[in-house]
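Here is the structure we will look at.
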Amino acid sequence: MSSRRTIILVVAIGIAALAALLVLRYLQSADDRAVGDAQVVAVWKIQADIPQGTTLDEAIAQDLITRDEIPQAFRPATAIPAPSDTDLAAVAADDLSKVAVIDLPQGSVLISGLFVDARTAQVTSARRIDSGRVAVTVSIDQIRGVANLPLPGDRVNIVTRVRDISVPIPEGFDESVQDTIVVPYQNVKILFVGQTAAPEVGESTSVTLPAGGSNLITFEVPPEAASRIIAIANSEFGMWLTLVRPDDYQPVIIQGVNGFQLLEGGFTPDYLESRSEPAPASATPAG
């Protein structure tokens, strides 16, 4: 019996050893596959925050950008090459005087376009205007300008008065009954209030205005709309603004109102919502 037990024990140990060997080989194979999927490559990595306007030469001198390794899968397509036998000053010899176009956060990989010519990096007032648009400024008081509440980047509707000659003039009345309040443009972007601009993409600075705000409002609109806005601003009635939500406001058809229509409708302004329908593209300056 003792010999039989010994044989059984030896066989059990052999089976256990074989199983352990198979598990070890499986784990080694898994490790090899993982390493194969995560081949590392050299990149230039930003080691500390680099303020906007810092030259590449200054960043290199302060060791703010150094060579590092990351998995191949995470290397950006536009990453600056990082050969092992060349330093960054040599790789980017023609770009040392260029400046950071925005604040560059720690941990970012250096890619093309982060450092640009100083002239390009300078955001002038004209560079803030979208392609195909112009900037036009009007002067508007606090009452007509929503108590100076609109900020750069907000959107407003423009309200004015026109004479609607299609309105019949009842006996005993004059032409003033044809005066009609209309909304020629909706969802108009405010580019500047005074000389304060709307933040650019990537800028984290909050918009603040001087105490009391400013009565100078600069809109960003197509050229033809700018001409019409100038005409409205210089008309006898001038213009009023209404402030709208910038994210989800949708222009709707807003009927003109004359003196005979003031008391039409329900007892609250909300009844008008049931009459609203989407406005044509011409309701916005872009239309």
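Observations on the structure shown:
- Based on the Kirkwood approach, the hydrodynamic radius assigned to the stretch 40-121 is 12.6 Å, with every pair of different Cα atoms included.
- Extended-chain gain in nm, criterion 0.36 nm per residue less alpha-carbon gap, Asp94 and Asn215: 38.9 nm
- Positive minus negative residues near Pro51 (Lys, Arg vs Asp, Glu; Cβ under 12 Å): -3
Read the figures in this text as sums done on the coordinates, not as results from a lab. All of these numbers come straight from a predicted model, not from anything done at the bench. For neighbour counting, all protein chains shown are included, and Cβ atoms are generated from backbone atoms with ideal geometry for every residue, glycine included.
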